[in-house]
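Working notes, structure below.
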Amino acid sequence: MERNDTERKEKEEIEIIETMEKFGRYQMLQYFLICLPAVVVTMLNVNYVFVAGDINYRCRIPECDDQYPVYNTSWWPNKNIDRCTRPLVKELTGGSCTNDSFTEAVAVCTEWVYESNETVVAELDLGCQPWKINLIGTMHNIGMSLAMMASGWLCDRFGRMPTLIMCSVGSCVGLLKIFTSTYSVYVVIEMLEATISSGAYTAGMVLMIEIGGKNNRVLAGVIFAYAVYLGETLYAIIAMFLPYWKHLVAAIYSPSIAFVLLIFVLKESPRWQLLNDKTERAKNTLLLVAKVNKVNIDREKLLHMNAEDLKKEYNINSYEEREGFMAIFKSREMIKRAIVAAFCKFTVGFVYYGLMINSVFLPGNKHTNFMLATAMSFPGELISLYSMNKIGRKYPLIFGFLLCGVFCVVTGWIPEDYTCFKITVFLFGKLIISVCYTGVITYTMELFPTSVRGTMLGVCSVSGGIGSLIAPLTPILNSVSVVLPPMIFGITALISGVLLIRTPETKDAPLMDTIQQVDLAQSLITRKKTNVDIEITYDFNKNNKD
């Protein structure tokens, strides 16, 4: 009886290398903890939509307005006057202004009366300065791009977990905006907050990918994407109940302080720990995973393994020195993957946000079109999850980019009279680019080894940020031709689809840990193809000779 129990126990034991492949309560808890900062950071990254939103205002007329003027007045002239010019007053009779107190002449406005103080437009007196208002969002996006690059290096150098916590907690610096009264200081704080907080995206995604196992990488990307969408939705709801910008800023930035508590519950990636010679910590993490997921591993074997044996167990025996960013340029395969991944990230950022912004220029109701374009993201994530788990990473992305490119080009050439058809084709393009958006994130992280994964994700995210920055400029092209924006989106997507032919499939493939492993794997693939070509050529020549 005792012997049978021993045999059953041995049968139930799994290999140490498979500890992280068993998806269970450990991954669920860690995913939840990682997604909490993602939800809050997303609210911060779109804060300027409402905090710096436009409000109604008019020119202040010194002769008519008292010390505490109000926006709505009974004496404002009946004729149409834009809010950046003021009507000139005639000689007053009776000591107060009426509708007839003004001449036909106007002058450039220098002071404004705001309908409310709900946004920083009134607080910082930004009337008739749209470039300053738009610059707030632009500076935020520049900060996000810088954060993606810096956080990638921090992830690889100091770890995924501390980078995530540091970026999440550091985002509370945005609370300083409440106390600022000058535009320049406000913009600097906006950029600083984005530079700190946005690194949580890179750190969180890398950590989720590495702890989930090869069969759950796409799932990790989809869950993270839905956390982002939840943050956007939650922010809109909070903004409805807290219209005053200072209250809104306090509500969305304050929770980030609580993320310091993640130090006690969030765990580091065992792969990173092994790769950076933190063997004992890696052992403790693996034992914790096995305990929480209730999987049986040989604890004694794990505890008595030295660093080299444990690295060999995870196929990390070739990592003799720390690989940094410059090591990428010594590998032709890494350079090729970096170029393809960076351009694909640029494309999804450029086309995704470009289509969303240009949706208001479609025929029909602009609000309805915008809501439909936004709604396409949700089914896109589910399609991405199914296709990339069922088919693979590479080919769904190739066909997705090519199909999106075709839809975009066709949209541009459909006449405005065919409203329903034009909108339908446009929405299909938005749906497909949503599928590619999550797929590119997962595929990018699988293309690069653990030693530089965070850094390369940061580089690619900067490329995606550039695409997101350029996208808002595309509506300007509508003044030249309404065909130009969708044509540019389509051509960009088609180029990405063609470039992806040059990269390998990563579905069910183990995550590489070093650049050397990437080069070795690629050389084996090339050698295998070469041998097949030789065999085919030999058989062909032999048949001809016979």
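Things to note:
- Across the range 203-212, coupling constants 3J(HN,Hα) worked out from phi with the 6.51/-1.76/1.60 Karplus curve, θ = phi - 60°, read 4, x, 5, 4, 5, 5, 5, 7, 9, x Hz, and Gly and Pro carry x.
- Averaged over its residues, the chain has an accessible area of 49 Å² per residue, based on protein heavy atoms and a 1.4 Å probe.
- ³J(HN,Hα) computed for each position of the range 344-353 - Karplus, 6.51 cos²θ - 1.76 cosθ + 1.60, integer Hz, glycine/proline x: 5, 5, 4, 5, 5, x, 5, 6, 4, 6
- 24 Å Cα-Cα threshold exceeded, pairs from Lys283/Lys345; Lys132/Lys422; Lys267/Lys311; Lys214/Lys294: Lys283/Lys345; Lys132/Lys422
- When a 1.4 Å probe is rolled over the protein heavy atoms, the share of accessible surface on the range 465-508 that falls to carbon and sulfur comes to 77 percent.
- The amide H of Trp112, built 1.01 Å from its N in the peptide plane, has Arg60 as neighbours under 5 Å, considering only residues 5 or more places off or on other chains.
- Within the range 337-513, the proportion of Cα pairs with more than 21 Å between them is 45 percent.
- Using alpha carbons only, the radius of gyration of the range 59-115 set against its Kirkwood radius gives Rg/Rh = 0.91.
- For the peptides 418-426, 65-73, 432-440, 141-149, the ranking by mean Cβ contacts within 10 Å, running from highest to lowest, is 432-440, 141-149, 418-426, 65-73.
- Ligands, DNA and RNA left out, the accessible area of the range 36-157 computed with a 1.4 Å probe is 53% carbon and sulfur.
- The chain, Cα convex hull volume normalised per residue, Å³: 210
- Within the shell of other residues whose beta carbon sits under 14 angstrom from the beta carbon of Met208, the net charge comes to +3, with Lys and Arg scored +1 and Asp and Glu -1.
- Think of it this way: in the chain, Cys35, Cys155, Cys167, Cys172, Cys344, Cys404, Cys408, Cys420, Cys436, Cys460 stand alone, with no other Cys Cβ under 4.7 Å.
- Rg to Rh quotient for the range 427-525, alpha carbon positions, Kirkwood Rh: 1.06
- Over the residues of the chain, the helix contribution to mean residue ellipticity at 222 nm works out to -20500 deg cm²/dmol, using -39500 (n - 2.57) for each DSSP H run of at least 4.
- The range 168-231 versus the range 377-456: alpha-carbon centroid distance in Å: 23
The values are calculated or read from the model by the stated rules, or taken from the named source; none is laboratory data. Since the model is a prediction, treat every value here as computed from it, not as a measurement. Heads up, the Cβs are rebuilt from the backbone with ideal geometry, glycines too, and the neighbour counts pull from every protein chain shown. The protein model used for the area step is the full one, side chains on, heavy atoms only, and it has no ligands, DNA or RNA in it. Shrake-Rupley method; radii C 1.70, N 1.55, O 1.52, S 1.80 Å.
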